[in-house]
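K.L.:
Have a look at this one.
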Amino acid sequence: MKFIAIPFYDFTKPIITPKYDKNVAIQLPDGDFLINSEPYGLPGRVDKLDRFTGEVTTIYTHSTVLRLTPMEVLHDGNVILLAFDYPYNNHRLYRSTDPTLTNFEEVLYMGHTKPYSKHGISQGEDGTILCGEYIGSYAWNKPDANTECKVWKSDDNGSNWDVLYAFRRNNHADQFGDELMGNGIQHIHVIEYDKYTKSFWIGTGDSDRESSLWRWNESEGFNLIGRGYADGYEIDEGQYYRAISLEFYPDSVMWGMDGFLAGTWIVRYDRESGELTRTTEKQTDGYMFYSDTLRLKGGNDVSFFSSTSGTIYGSYDRHNSHVVQEFEGTHRTRYVHNKFDNEMLFTGQGDLKLDGEPIYTDSINFKPRIIPLKFLSS
């Protein structure tokens, strides 16, 4: 693969500097951030971080011991939170009662299941919200999680929820009218909205039998993109559909793979032909858990993918992906797209180091510094 440099961006010289000593979660319409409440054992709270000063203000405190994680900013300015008790039970979705974010109410009880990440809940252009369940090993034998893995749907900005579809976790041979997963699925990894087809993409995992990608909208229902099980047999390409986050383009979709059964790659799906191709010269150095796309000055879109081994990959032409930054240590990097300052913020948890220096001030309590990968303009 040949690397062609872009004049207004130098991939080899990102500016990495400490920025915020907080775990930033999502950016609000005014440019400020909501950050995760921490640590465990204290009343859950919602904190707002000023984009310019770094000042933190608590805007909501829950009366009981909860962990509150901001998940999605809705079109009307309200916010969806994931709330749960430690360790990993009583998951529920909370929704703000108005855009001031000073009060929240429970809108969906999920028990031992939860959306996998911020990529597991998404709102479409018409206001429809989908949320997928992830059943972790801690819940495999729990009564509320041992038979179904559900896709939830809301038509009223998250106030009320109904089951759109329930994948069965047991052996079954009739799902969407066809043999599909064999052993059923237990993970919905990703639900993201595709503005080009005005539909939601839903990705599942983990085994070949469990890995698939679907596209859904109200008028067309479910359409299969690809899967790892057909005609009663596992197929080699199954793991390539084991996506966790998706990046959409007019002619293609890109994602990084979760898992090692077929190696880990960043792949490209051609919308017209349905062909899957690898965009990296060799396997990535870890599972690809998060991604995001930023539009640079000049109109080019650059997609970023982070691995659990401390490497960030970038792709600007939708056909090739390259290493743009390497860290020492292991982590699960989360992205925050700072749209106001033309930068991508990277945060996460682990023992990540840059030039030998830890970037986390308190990794035990999930308090990393946020480091921006700046974009250079000519």
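Throughout, read-outs are computed from the coordinates displayed, never taken from laboratory work. Keep in mind it's a predicted model, so treat the numbers as computed, not measured. Cβ sites come from the backbone with ideal geometry, for glycine too, and all protein chains shown count toward neighbours.
K.L.:
What net charge is computed for the residues neighbouring L28, neighbours being all others with C-beta under 13 Å from the C-beta of L28, Lys and Arg scored +1, Asp and Glu -1?
P.N.:
That sum, taken over residues with Cβ under 13 Å, equals -3.
K.L.:
Ok, one more. Summing +1 for each Lys or Arg and -1 for each Asp or Glu, what net charge is found among the other residues whose Cβ lies under 11 Å from the Cβ of P70?
P.N.:
Within the 11 Å Cβ shell, the charges total 0.
K.L.:
Here's a follow-up. What are the residues whose amide H is under 5 Å from the amide H of S122, where those residues sit 5 or more places off or on another chain and H is modelled from the backbone?
P.N.:
Result for S122 returns L130.
K.L.:
Using r as the Cβ-Cβ distance of E55 and T197, and R0 as 30 Å, what FRET efficiency do you calculate, to the nearest 0.05?
P.N.:
Computed FRET efficiency for E55 and T197: 0.15.
K.L.:
To continue, here is another question. Within 9 Å, Cβ to Cβ, of L164, how many net charges do the neighbouring residues add up to if Lys/Arg are +1 and Asp/Glu are -1?
P.N.:
Result for the local shell: +1.
K.L.:
Search the structure for amide H atoms under 5 Å from the amide H of I225, placed 1.01 Å from N in the peptide plane, and list their residues when 5 or more places away or on another chain.
P.N.:
Amide H neighbours of I225, under 5 Å, 5+ apart: L213, W214, R215.
K.L.:
Using θ = phi - 60° and the Karplus curve 6.51 cos²θ - 1.76 cosθ + 1.60, what whole-Hz ³J(HN,Hα) does each residue of the range 268-273 get, with Gly and Pro shown as x?
P.N.:
Each residue's phi maps through the Karplus curve to give 10, 9, 7, 5, 6, 8 Hz.
K.L.:
Using Cβ contacts closer than 10 Å as the measure, can you line up W255, W152 from fewest to most?
P.N.:
Ordered by Cβ neighbours within 10 Å, fewest first: W152, W255.
K.L.:
Report, in listed order, any pair from K195/K282; K282/K339; K198/K339; K150/K339; K198/K282 with a Cα-Cα distance greater than 29 Å.
P.N.:
Violating the 29 Å limit, Cα to Cα: K195/K282; K282/K339; K150/K339; K198/K282.
K.L.:
Between V163 and R271, how many nm apart are label points set 7 Å from Cα along the C-beta direction?
P.N.:
Modelled inter-label distance: 3.3 nm.
K.L.:
Can you list residues whose amide H is under 5 Å from S199's amide H, if they're 5+ apart or on another chain and H is modeled 1.01 Å from N?
P.N.:
D194
K.L.:
Next question. Which of I35, I59 has the fewest other C-beta atoms within 10 Å, and how do the rest follow up to the most?
P.N.:
Least to most surrounded, the residues fall as I59, I35.
K.L.:
What shape does the range 27-111 have by the C-alpha gyration tensor, where a ≥ b ≥ c are the square roots of the eigenvalues, rounded means a/c under 1.5, and otherwise prolate means a/b greater than b/c and oblate the rest?
P.N.:
oblate
K.L.:
Please report V323, V151, V107 as a ranked list, fewest other C-beta atoms within 10 angstrom at the top and most at the bottom.
P.N.:
V323, V107, V151
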